[in-house]
Amino acid sequence: MTERNVLGGGLEPCGTDPMTGFYRDGSCSCGPDDQGLHAVCAVMSEEFLAHQKAVGNDLSTPRPEWSFPGLKPGDRWCVVAVRWLQAYGDGVAAPVVLASTNERALEVIPLAALREHAVDVPDDPGSLSTE
């Protein structure tokens, strides 16, 4: 079965440079082996990375033994839903790509919270208001 995003559409790729996802396939797929629910396609920010390091989830330090390059601001990464929600509660949530965020994130995070930090660009960017 095809996995869906939080908007109800097909799950779009999150990022391939670096290669993200629990399965390292560029997608926030959440199969039965993903106990952590790596469902949120987040765009790394300095604040989010610092917060994650402070709570014991260091995403910025390379870990070659796990083929993990270490993340920097601007990288897209499938993060654990409860970790994103923790950062949200602390006021440092990373921006979210809704079309690439697995609908299973909604088991943990309200859609309204994800929408507050959405950075998706619609098919028609002209519809975006500049006011």
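The values are calculated or read from the model by the stated rules, or taken from the named source; none is laboratory data. Everything quoted here is computed from the prediction, not taken from an experiment. Please note: Cβ atoms are built from the backbone with ideal geometry, for glycine as well, and neighbour counts cover all protein chains shown.
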(message) Quick test for you: out of LEU71, LEU49, pick the one residue that is touching a Leu at 6+ places or on another chain (Cβ under 9 Å), closer than 15 Å to PRO18 by Cα and not basic (Lys, Arg).
(response) LEU71
(message) Restricting to segment 24-56, name every residue that is without any contact (Cβ under 8 Å) to a residue 40 or more places away in the chain, exposed (fewer than 15 other Cβ atoms within 10 Å of the Cβ) and not small (Gly, Ala, Ser).
(response) ASP25, PRO32, ASP33, GLN35, GLU46, LYS53, VAL55
(request) All but one of (1) surrounded by 22 or more Cβ atoms within 10 Å (Cβ to Cβ); (2) within 10 Å of the chain's Cα centre (by Cα) hold for LEU71, so report the exception by its number. (result) (2)
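One line per residue, one yes/no per condition, for (1) at pLDDT below 95; (2) buried (at least 17 other Cβ atoms within 10 Å of the Cβ); (3) of a type outside the set (S, T, N, Q); (4) over 20 Å from THR20 (Cβ atoms):
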| site | (1), (2), (3), (4) |
| --- | --- |
| TRP77 | no, yes, yes, no |
| ALA81 | no, yes, yes, no |
| TRP84 | no, yes, yes, no |
| TYR88 | no, yes, yes, no |
| ARG104 | no, yes, yes, no |
| HIS117 | no, yes, yes, no |
| PRO125 | yes, no, yes, yes |
| SER129 | yes, no, no, yes |
(message) Out of the residues in segment 1-19 meeting the condition of being more than 13 Å from the chain's Cα centre (by Cα) and among the acidic types (Asp, Glu), tell me which one is surrounded by the fewest Cβ atoms within 10 Å (Cβ to Cβ).
(response) ASP17
